[in-house]
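Okay, so here's the structure we're looking at.
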Amino acid sequence: MIDELLLPVGPDAGRLINILVKSKKVPTILELGTSYGYSGIWLAEAARATGGRLITMELSEAKSKYAREMSQKAGLADFVDFRVGDAVKLIGELSVPIDFVLVDLWKDLYVPCLEAFYPKPFGLSAAKRIATGSNNSHASVMRTGMIGTTTSLMSPRAARTSFNRAS
Ligand SMILES: C[S@@+](CC[C@H](N)C(=O)[O-])C[C@H]1O[C@@H](n2cnc3c(N)ncnc32)[C@H](O)[C@@H]1O
């Protein structure tokens, strides 16, 4: 079952997001799709190094609990705020500006998550490669430009502009 798979970003993307976050001063980082905490370790280490913090959102309570335990083992739990629920809804409840977003949940949620941000600003986004698909959501997301490399980056303005073009 897909829900039990790890589906982590992998070491190359992990290193990349770690470096990108470290280019920011005291960043508030948002991760959409905690899963079992692999990418969160890279982000939390960057949060610790920069004096920032990570907010990570996950639908599954069990996965979030496991990820929290792993972050405790890694000595990084103090830098992470684990939130359980539907990220689309939780984004709307955010009260702090976000400096970096890792979008890594199910692909049909990428566009709804971007929409949930609007008109709130965010600093920089990284989205995991999106597989080609035939449904409209995938097609829209592909047209946003968030595809092509393992991780692609967009400014909030570019993301929104591309989204408008796609819809
Ligand atoms: C590809 S995995 C994330 C992998 C993780 N970022 C890593 O690299 O270790 C996607 C995750 O998104 C979660 N997810 C799916 N829909 C969600 C939603 N509406 N809100 C929050 N999380 C969701 C899934 O439960 C799954 O754990």
First check a/c for segment 42-82, with a ≥ b ≥ c the square roots of the eigenvalues of its C-alpha gyration tensor; if it is under 1.5, answer rounded, and if not, answer prolate when a/b is larger than b/c or oblate otherwise. oblate
Rg to Rh, two decimals, where segment 1-78 supplies the alpha carbon set and Rh follows Kirkwood: 0.96
For the cross-link pairs Lys22/Lys120; Lys63/Lys107; Lys73/Lys120; Lys22/Lys73, which exceed 25 Å when the distance is taken from alpha carbon to alpha carbon? Lys73/Lys120
So, by mean Cβ neighbours within 10 angstrom, what's the order for 115-124, 26-35, 63-72 with the highest one leading? 26-35, 63-72, 115-124
Please compute the net charge surrounding Arg53, taking Lys and Arg as +1 and Asp and Glu as -1 over other residues with Cβ under 11 Å from its Cβ. -2
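Values quoted throughout were computed directly from the atomic coordinates according to the rules given, and no laboratory measurement underlies them. Keep in mind the model is a prediction, meaning the values are calculated, not measured. Glycine gets a Cβ as well: all are built from the backbone with ideal geometry, and neighbour counts include every protein chain shown.
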